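The values are calculated or read from the model by the stated rules, or taken from the named source; none is laboratory data. All figures in this text were calculated on a predicted structure; none of them were measured in a lab. Heads up, the Cβs are rebuilt from the backbone with ideal geometry, glycines too, and the neighbour counts pull from every protein chain shown. Ligands, DNA and RNA are excluded from the accessible area calculation, which covers all protein heavy atoms including side chains. Shrake-Rupley method; radii C 1.70, N 1.55, O 1.52, S 1.80 Å.
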Amino acid sequence: MSYINESVIYNIYPIGFCGAPKVNDFKQEYRLDKIYDWIEHMKKMSVNVLVLNPVFESTRHGYDTIDYRKIDSRLGDNNSFKKICETLHKNGIKIILDGVFNHVGRDFFAFKDIQQNLQNSRYCSWFQNINFWNRSPYGDNFSYEGWSGYYDLVKLNLGNPEVVDYLLKSVEFWIDEFDIDGLRLDAADCIDIEFFKKLRTACKSKKPDFWLYGEITHGDYNRWANSETLDSVTNYECYKGIYSSHNDHNYFEIAHSLGRQFANGGIYQNIYTFNFVDNHDVNRITSVLKDKNHVNNIYSLMYTMPGVPSIYYGSEFGIEGMRSQHSDYELRPCLDLDNIPNADYSLFEHITKLGKVRLGLEALKYGKFENVNIMNEKLVYKRWTDNQTVFVAFNLTDRTEKIGFDTGCNAKLTDVLNDNELFDVNCYYEILMKPYSSRILVVNDGDFKIDFCNETAVKTEFPSKESNSIPLKQNETNNNITSSDSISYDKIEPGIYRHYKGGEYEVIGFAKHSETEEKLVIYRNIHNLSEVWARPYSMFFDIIELNGNKVKRFASIN
């Protein structure tokens, strides 16, 4: 099995995430170093794989590549990116990059050569359907094929061995220089299968567990993912089924897709699919849902179905975003981790639990699948291995309901998602479900539980202070603590606190979440009193490992 079975994925679109200019100004900036601020956050969610959409030099959005062997100057340089990769690896996080091999941008060196030398260019055969009898929509003295009619994306000729050799050597460069662990293959349905066979051989010879997954929106996944080509594909069928089954109050839809794909006789039993509920190309899940109360169940389903779950950056806080007719930029915002707009911290806590549950249960990582009880608004399915059986139950109604299912044995069920609640069962059992809720029930002898309070994650490690590619501002804060320091929650009172990055805030009171009853801290920016925030009590007083030192997230400066 690949490392991906033991993974939770986080997906970032770097150009948007970093607030880089939409058009490359080619000024050297180190914006991607903000990744360092997010490592602890990822680890809280049990994330151990980071997928980065395009990071190589491009003109605009990353998919119009200029240079496959150079980090986009808006994001950093090759040395700064190498340090990022090393730091992620030290913190137990693997790196998958976006491989855009179907097309390049108009500023790509080989295309520029054709513009200059026309028929005399040695690169005429590098692109599809170059024709010197026509003019392009951009006014070139030749025409060419643009991907899906977009002429800023010039389609490569992957039937040309010289092109294939150039791309494979670029991938080998990424592996050798940055030690990357996998590739997302953009527009995989447009790419010659023979190219994927060569790519697989090249990558696996470098790293046997290198993971390749393709962006596939339709068709038979087995064509692209098999023992000769890619390891996996994006599961767009279930992406649609997950949200629409909740919107339509019809669990039969997603149950049909899951059964068709993964049950005994299912067509994709041998593919460990890349599962998601939103990404940089589709609307944010909270903008799609008709009833946002369903969002917890959405993620419970994604984390417990066969395949690997992926979180798109910011969606763990329930942020919204809709694509427009002419732009996807609303889906790709620049985010400050400490100032997420309208952050839903209860969703973040739910996803944090799901990460620990997934990595803690063999049946969710490796198990077979079977639908057990399907109703319009209630669903139960089973995941199991020889060593473990797990039942997952859902209620999408706005009222408390019972749902029955046959456990197949006299045993105990531990709901590891809900405080390790224990149930004695005698084969058939009807379990009570709160409104908009899910349960993850492990069959056991009564001793099994998952300890959510036990923080066993690897210590967060950063490069040394001498690394000038990391714009940390530790010296501007006074949050450092010694091992003898402690934080006593009952002594914390309203007052002025300094964030470990240097910002100053006033705690003005406390509140209780209306749905979860979780205690919240209410605080405001003392330099902008209209900027008021709420943060879970437990998060406000976190101790952070930063550059080898322990610091308080917020320290009193009263």
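Straight-line reach from Lys70: which lysines have a Cα under 16 Å away, not including same-chain ones fewer than 8 places off?
Qualifying lysines at Cα under 16 Å: Lys27, Lys82, Lys83, Lys169.
Which trypsin sites (Lys or Arg not before Pro) in region 203-253 pass both tests, a DSSP loop state and at most 11 other beta-carbon atoms within 10 Å?
Hits after loop and neighbour filter: nothing returned.
How many nm separate the modelled label positions at Asn131 and Glu6, each set 7 Å beyond the Cα in the direction of the Cβ?
Distance between the two pseudo-spin positions: 5.4 nm.
Can you give the calculated 222 nm mean residue ellipticity of the chain, where each DSSP H run of n ≥ 4 adds -39,500 (n - 2.57) and the sum is split over every residue, rounded to the nearest 500 deg cm²/dmol?
Mean residue ellipticity at 222 nm (helix-derived): -6500 deg cm²/dmol.
Would you count, across region 182-332, every pair of lysines whose alpha carbons are under 18 angstrom apart, provided the pair is eight or more residues apart or spans two chains?
Here the count comes out as 6.
Region 14-120: which chymotrypsin sites (Phe, Trp or Tyr not before Pro) are DSSP loop and have at most 16 other beta-carbon atoms within 10 angstrom?
In loop regions of region 14-120 (DSSP not H, G, I, E or B), the sparsely surrounded chymotrypsin sites (Phe, Trp or Tyr not before Pro) are Phe26.
Check the straight Cα-Cα distances from Lys94 and name the aspartates and glutamates below 15 Å, setting aside those fewer than 8 residues away within the same chain.
By straight Cα distance, Lys94 reaches Glu6, Glu40, Glu86, Asp176, Glu177, Asp179, Asp181, Asp209, Glu461.
Loop by DSSP (not H, G, I, E, B), at most 15 other beta-carbon atoms within 10 Å: where is the longest site-free stretch of the chain for GluC sites (Glu not before Pro)?
1-227
Roughly how many Å is it from the Cα centre of region 18-50 to that of region 128-202, as a whole number?
Distance between centres, Cα-based: 26 Å.
Provide, for q = 0.22, 0.23, 0.24 Å⁻¹, the log10 of I(q)/I(0) from a solvent-free Debye sum over equal Cα point scatterers in region 365-447.
Once normalised to I(0) and log-transformed, intensities are -1.07, -1.17, -1.26.
How much of the accessible area of the chain, in percent, comes from carbon and sulfur atoms when a 1.4 Å probe is used?
Accessible surface attributable to carbon and sulfur in the chain totals 45 percent.
How much accessible area does Ser556 have with a 1.4 Å probe, in Å² rounded to the nearest 10?
Probe radius 1.4 Å; accessible area of Ser556 about 70 Å².
How do Arg260, Arg106, Arg383 stack up against each other in accessible area, from largest to smallest, with a 1.4 angstrom probe?
Ranked list, largest accessible area first: Arg260, Arg106, Arg383.
Describe numerically, in nm with one decimal, the distance between label points set 7 Å from Cα along Cα→Cβ at Lys70 and at Phe452.
4.9 nm
Applying a 10 Å radius around every beta-carbon, put 216-222, 8-14 in order of their mean neighbour count, most first.
8-14, 216-222
Measure up Lys353/Lys501; Lys44/Lys501; Lys353/Lys402 against 21 Å on the Cα-Cα distance and list the ones that go over.
Lys353/Lys501; Lys353/Lys402
Please calculate the 1.4 Å probe accessible area of Lys501, with all protein chains present, and give it to the nearest 10 Å².
Surface accessible to solvent at Lys501 totals approximately 70 Å².
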